[in-house]
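Novice: To start, I am sharing the structure in question, which I have written as structure tokens.
The values are calculated or read from the model by the stated rules, or taken from the named source; none is laboratory data. Only a predicted model underlies this, so the values are computations on that prediction, with no experimental measurement involved. Positions of Cβ are backbone-derived with ideal geometry, glycine not excepted, and every protein chain shown enters the neighbour counts.
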Amino acid sequence: MDKIIVKGGTPLHGSIEIAGAKNACLTLMPAALLCAEPLTLTNAPRLSDIATMTELLESLGCEVASLQEGRVLVLGTAKISNHTAHYDIVRKMRASILVLGPMLARDGEAVCSLPGGCAIGARPVDIHLSGLEAMGAELDLREGYVHAKAPNGLIGAEYELPFASVGATENLLMAATLAKGTTVLKNVAREPEIVDLAECLRAMGANISGEGSHTLTIHGVKKLHGATHRVVTDRIELGTYMIAPVIAGGEVELIGGRRDLLEAFCTKLEAAGATISETENGLTVTRDGPIKPVDIVTEVHPGFPTDLQAQMMALLCFSDGTSVLEEKIFENRFMHAPELIRMGADIEVHGGHATVNGVSALKGAPVMATDLRASVSLILAGLAAKGETVVSRVYHLDRGYEQLVRKLSACGADIVREKEA
């Protein structure tokens, strides 16, 4: 198992290229199950979650070719040869449930293990299932598996999501592309990844309108065809690296960065003291003056992203006042707080609220990553802490950050990755 060692106190200067979005790519890949012709994805990130989804799709009969050092994925499913997504693969990653809708839509049958992923709350799949039932699916949950059938195909329906779940929106959107008739999905998620998926499906021949709004309308078609699609920029990686020069000092250009992907986050980062400028290649971020306290409430898009809450907490540990962070998306998502406290942070957690009293400095310490975003928050804190911070269990990072050590060290950070003794 690896560890990352960070020695703080070095301002960052340089540029970081932002990869394609993990969450978008993990959604686009199962779309290959919807048709017999190849789907080509460019700007794909090189992450362990992508490898896990590749393994899952291959187990179902999809052929996956990785080109240009993993930047291009060609996925072809001439035939779904196996309709069971087994627990030993699905347990590794939450996004595995996204094979359910496409298999059911194309072949009228699917068996999928209930998924795993980061330990940041229950995140139930009941919205996925009730939406599919509204489209005529027959579901049976037994022994940890969802057994789904639609012998005569899915049927268009009107369904309102009780919560704007990103995963459920994606699953139901893919399923609806091949359903008979028209499907209207209300109270859907509006994240850029949803828009990206709709654009890809439209390139494959789907009839979709309304992406980016609260309502999606999908007129089912008899079949889809192959297409080539570029994966949208990873807004969570972007936001993470935007925080780096604010917490450590310096100036960094984020190649491929787009403010429109993170408007709510950018507004809060500026309130904390950052200066964000648009360039020909992306965004430049720097900070003049002290870090200011800011209150944060995580919300569905276009609100402040839950996946940037941990990183923002690390920044606010250095502010000159008190900040309150409210987590409204996932329960149990303040597991990074005790580790930051080990470094000298002053944080109090009460249920879904965390009060952060800024301190003059943090001190490097041995800390442990508990999930993907928590792990990178500890590295950000280490960039500004006095002394050496050793982050263990960094395998979480490989799920969402491509070559993090290389990208930060190229900007001057004193950071290395080593094998645990």
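Novice: May I ask you to list the residues in the stretch 175-214 that are in a strand (DSSP E or B) and not hydroxyl-bearing (Ser, Thr, Tyr)?
Specialist: Start the filter on the stretch 175-214 by keeping residues that are in a strand (DSSP E or B), which leaves 180, 182-186, 207-209.
180, 184, 185, 186, 207, 208 - these are the residues of the stretch 175-214 that are in a strand (DSSP E or B) and not hydroxyl-bearing (Ser, Thr, Tyr).
Novice: Quick one: is residue 146 touching a strand residue (DSSP E or B) at 6+ places or on another chain (Cβ under 7 Å), part of a strand (DSSP E or B) and farther than 25 Å from residue 84 by Cα? Reasoning before the result, please.
Specialist: On the way: touching a strand residue (DSSP E or B) at 6+ places or on another chain (Cβ under 7 Å): yes; part of a strand (DSSP E or B): yes; farther than 25 Å from residue 84 by Cα: no.
Against the criterion (touching a strand residue (DSSP E or B) at 6+ places or on another chain (Cβ under 7 Å), part of a strand (DSSP E or B) and farther than 25 Å from residue 84 by Cα), residue 146 does not qualify.
Novice: With (1) within 14 Å of residue 312 (Cα to Cα); (2) in contact with a strand residue (DSSP E or B) (Cβ under 8 Å, 6 or more places away or on another chain); (3) of a type in the set (D, E, K, R) as the list, and residue 393 as the residue in question, which single condition is left unmet?
Specialist: Here residue 393 clears every test but (1).
Novice: Follow-up question, since we're still on this one. Just one of 216, 197 is more than 27 Å from residue 282 (Cβ to Cβ) and either buried (at least 18 other Cβ atoms within 10 Å of the Cβ) or assigned by TED's automatic domain parsing to the domain that holds residue 289 (or both); which is it? Break it down into steps so the answer makes sense when it comes.
Specialist: Details: 197 fails: more than 27 Å from residue 282 (Cβ to Cβ).
Unique residue meeting the criteria: 216.
Novice: Could you please tell me which pairs satisfy a Cβ distance under 9 Å, a separation of 6+ or placement on different chains, a first residue in the stretch 52-67 that is within 14 Å of residue 26 (Cα to Cα), and a second residue that is surrounded by fewer than 19 Cβ atoms within 10 Å (Cβ to Cβ) and of a type in the set (S, T, N, Q)?
Specialist: Partner pairs satisfying both residue conditions: 54/66; 64/54.
Novice: Same structure, new question: Return yes when residue 40 is at pLDDT 95 or above and either of a type in the set (Lys, Arg) or more than 28 Å from residue 146 (Cβ to Cβ) (or both) and no when it is not. Steps first, answer last, please.
Specialist: Working: at pLDDT 95 or above: yes; either of a type in the set (Lys, Arg) or more than 28 Å from residue 146 (Cβ to Cβ) (or both): yes.
In short, yes.
Novice: Count, please, the residues in the stretch 340-373 that happen to be part of a helix (DSSP H, G or I) and in contact with a strand residue (DSSP E or B) (Cβ under 9 Å, 6 or more places away or on another chain).
Specialist: 3
Novice: So residue 97 ticks every box in (1) closer than 22 Å to residue 177 by Cα; (2) β-branched (Val, Ile, Thr); (3) surrounded by fewer than 24 Cβ atoms within 10 Å (Cβ to Cβ) but one. Which box is left unticked?
Specialist: (3)
Novice: While we're on this one: Would you be able to tell me the number of residues in the stretch 87-119 that are at pLDDT 95 or above and part of a loop (DSSP other than H, G, I, E, B)?
Specialist: 1
Novice: Can you name the residue in the stretch 299-337 that is in a strand (DSSP E or B) and of a type in the set (Ser, Thr, Tyr) and is also nearest to residue 269 (Cα to Cα) among such residues?
Specialist: Quick first cut of the stretch 299-337, residues in a strand (DSSP E or B) only: 304, 322-326.
Retained after the next criterion (residues that are of a type in the set (Ser, Thr, Tyr)): 322-323.
Values: 322: 15, 323: 13 Å.
Across the stretch 299-337, the extreme among qualifying residues is 323.
Novice: Among the residues of the stretch 380-404, how many are surrounded by 18 or more Cβ atoms within 10 Å (Cβ to Cβ), modelled with pLDDT under 95 and hydroxyl-bearing (Ser, Thr, Tyr)?
Specialist: So the answer is 1.
Novice: A further question on this structure: Here is a check on your reading of the model: is residue 11 modelled with pLDDT of 95 or more and buried (at least 20 other Cβ atoms within 10 Å of the Cβ)? Break it down into steps so the answer makes sense when it comes.
Specialist: Working: modelled with pLDDT of 95 or more: yes; buried (at least 20 other Cβ atoms within 10 Å of the Cβ): no.
Considered against the rule, which asks whether it is modelled with pLDDT of 95 or more and buried (at least 20 other Cβ atoms within 10 Å of the Cβ), residue 11 comes out as no.
Novice: On the given criteria, is residue 50 assigned to a strand (DSSP E or B) and within 25 Å of residue 397 (Cβ to Cβ)?
Specialist: It is false that residue 50 is assigned to a strand (DSSP E or B) and within 25 Å of residue 397 (Cβ to Cβ).
Okay, residues lined up against (1) among the hydrophobic types (A, V, I, L, M, F, W, C); (2) not in a helix (DSSP H, G or I); (3) not assigned by TED's automatic domain parsing to the domain that holds residue 187:
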residue: 222; (1), (2), (3): no, yes, no
residue: 225; (1), (2), (3): no, yes, no
residue: 237; (1), (2), (3): no, no, yes
residue: 242; (1), (2), (3): yes, no, yes
residue: 247; (1), (2), (3): yes, no, yes
residue: 254; (1), (2), (3): yes, yes, yes
residue: 257; (1), (2), (3): no, yes, yes
residue: 269; (1), (2), (3): yes, no, yes
residue: 275; (1), (2), (3): no, yes, yes
